[in-house]
1. Using 1/(1 + (r/R0)^6) with R0 = 30 angstrom and r between the beta carbons of GLU104 and ALA17, what's the FRET efficiency to the nearest 0.05?
2. Given the Cα atoms of segment 1-70, and with Rh set as the inverse mean 1/r over their pairs in the Kirkwood sense, what is Rg to Rh to two decimals?
3. With each run of n ≥ 4 DSSP H residues scored as -39500 (n - 2.57), what mean residue ellipticity at 222 nm is computed for the chain after dividing by its residue count and rounding to the nearest 500 deg cm²/dmol?
4. Once both labels are modelled 7 Å past Cα along the beta-carbon direction, what's the ARG67-ARG53 spacing in nm?
5. Please report the relative contact order for the chain, taking Cα pairs under 8 Å with a sequence separation of at least 6, and give it as a percent rounded to a whole number.
Amino acid sequence: MPTEASVIVVNYNGGRAAVANLKDLAAAVAGAGWELVVVDNCSTDGSRDAIAREVGGARLVCEPENRGFASAVNRGLDAASGDALVVLNADVVPAEGALPALVEAVL
């Protein structure tokens, strides 16, 4: 059975700020019973390894080279299983209740 919603985030050299944000986002998504798909666009700053270690519950898709944001989003969409698909930048911090409201409006 598909997941109600998938949140897709592209990371490219996002550093500790992206890792911290993704940890919070993973907790919010898991609390809603959704999935988080993080596509790493061939980061060289260690953020890919930090995401793999520290962002529990996220599905990490690692690109072998940086083909750009749109290509990475497409890889994330392919990996997602949700009925609703939400694409966010790695630095987005959704307001409390914003993601459920968005998904509810779409479904």
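1. Efficiency at R0 = 30 Å is approximately 0.55.
2. Details: Rg = 11.7 Å, Rh = 12.1 Å.
Using Cα coordinates only, the ratio equals 0.97.
3. Theoretical 222 nm ellipticity from helices: -13000 deg cm²/dmol.
4. Label at ARG67, label at ARG53, 2.9 nm between them.
5. Relative contact order here is 39 percent.
Every number in this text was worked out from the coordinates using simple rules, so none of it is lab data. None of the values given here were measured: they were computed from a predicted structure. Neighbour counts are summed over all protein chains in view; Cβ atoms, including those assigned to glycine, are modelled from backbone coordinates with ideal geometry.
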